[in-house]
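See below for the structure under consideration.
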Amino acid sequence: MRRQLRSRRAPSFPYSYRYRLDDQDELNQNYLADEEEEAEEEARVMVVPKSEEEEEEKEKKEEEEGQGQPTGNAWWQKLQIMSEYLWDPERRVFLARTGLILLTYFLFYASLAAVITLCMYTLFLTISPYIPTFTERVNPPGVMIRPFAHSLNFNFNVSEPDTWQHYVISLNGFLQGYNDSLQEEMNVDCPPGQYFIQDGDEDEDKKACQFKRSFLKNCSGLEDPTFGYSTGQPCILLKMNRIVGFRPELGDPVKVSCKVQRGDENDIRSIRYYPESASFDLRYYPYYGKLTHVNYTSPLVAMHFTDVVKNQAVPVQCQLKGKGIINDVINDRFVGRVIFTLNIET
C-alpha cells in the first residue's frame, strides 16, 4: 500500500518565530525517503505478474518441445509403463497385486469353479439323454402342415404357375425322406393297427416302421407332380409333433378332420384324405427319441381339397380327434389343430 505522503509545504509558524532551515531540510529528506519506498513497492508489484507470465510461456515452450519429439519415444514410454504395470521389479508386484492376493484370488475362483462343476456333474447323472425327465409340458401334441406358406395363407392363381410353383418345390423337398426305396432300405415293414413296442436298454438303437411316399397316393407327387395346384385342387400335408413315449389312448388311432372354420360350410364341398382312414396308425408309436430312434419317419395325413369355392378366401380348420387329445386351446392354434386360409383364383 502506498503510504500517505507528507505535505510538501513547510509548516507555518507564528510570525514571532523564525523559520529554521534545518527543519526544512529534514522535511525534504523525509519526503524523498517516502518517494523511494513507494517506487520500490511499485517495482515489486510490477515484477510479480511479469515473472508469472514468463513461467507460463516457459511451460508452453516445454509442452511444444515435448510434442515435437518423435512418436517412437511416446510409444516406448507407454510400453515401459505397461511393462511396469504387469511386473514391477522394485515392488515385486504383478498387475499391482502382491503374490498373496493373487494366490487368494486363484484359490477362491478355483473353489467356485469346482463347486459349479460338481453341481453340473451331479445334475447330469440324474438326467437321461434318451428319455426326458419331465414331459407334462409337451402334451397334448401339436401339429404342423406342409408346404410352407407365409402366415398360413395359400394364395395362388391356377393359370399362373409362378404363384404356386414354390408350394410344389416345398412339398417335393419335404417328401424326399419318404421315398419308397429309401424307406424300404432303412426301415422295417410293421403290422398295422398295433403299437410297435421295442424292449431293451434305453440306449439301444430302435427300429422304425416304414411310411412310404406312395401311401399318400394322389398327394404323393408321383402321379401328379404339381400336387393338384395346377388344377385348383391343392394337397396339404399334416403331421403331429414328435413326443417321446406318446401313445394314443385306448389303442385308438388319432384321426384328422377338416372343415370351414367360419362362414358357409359349402365353401368346401369335398376333401379326400390319404391314407383313406385319415388317421395316424398305431404302428408308428411310441417314439423313443432321436438318439436311439434314428431312422424314425413321422406319419403323415394328406388333405386333398378337390372341390373348394374359388376366388374368395376360405378359412380352414383341421383338428386332431382322439381320446385325450385337446384341440380347443384359444391361445395356441397349433395344439391339436391348425388353421389356414385357401384362396384359389382362376
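Numerical summary
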quantity	calculated
Yes/no for Gly228 being over 39 Å from the mean Cα position of the chain (by Cα), small (Gly, Ala, Ser) and either surrounded by fewer than 17 Cβ atoms within 10 Å (Cβ to Cβ) or assigned by the TED database to the domain that holds Tyr167 (or both)	yes
Criterion: among the polar types (S, T, N, Q), modelled with pLDDT under 95 and open to solvent by less than 50 Å² (accessible area, probe 1.4 Å) - qualifying residue of Gln198, Gln183, Gln210	Gln198
Region 114-130 residues that are without any contact (Cβ under 8 Å) to a residue 40 or more places away in the chain and assigned to a helix (DSSP H, G or I), paired with ones that are open to solvent by 90 Å² or more (accessible area, probe 1.4 Å) and of a type in the set (S, T, N, Q) (beta carbon under 7 Å, 6 or more apart)	none
For Arg242: the one exception among (1) at pLDDT below 95; (2) open to solvent by less than 20 Å² (accessible area, probe 1.4 Å); (3) of a type outside the set (Val, Ile, Thr)	(2)
Residue that is farthest from Thr306 (Cα to Cα) [pool: residues in region 250-269 that are open to solvent by less than 40 Å² (accessible area, probe 1.4 Å) and in contact with an Asp or Glu (Cβ under 8 Å, 6 or more places away or on another chain)]	Val260
Conditions (1) at pLDDT 95 or above; (2) surrounded by 13 or more Cβ atoms within 10 Å (Cβ to Cβ); (3) within 35 Å of the chain's Cα centre (by Cα); (4) more than 30 Å from Leu250 (Cα to Cα): number failed by Ala149	(1)
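The values are calculated or read from the model by the stated rules, or taken from the named source; none is laboratory data. Model, not experiment: these values are computed from the prediction. We place every Cβ from the backbone using ideal geometry, glycine too, and count neighbours over all the protein chains shown. Side chains included, ligands, DNA and RNA excluded: accessible areas come from the protein's heavy atoms. Shrake-Rupley method; radii C 1.70, N 1.55, O 1.52, S 1.80 Å.
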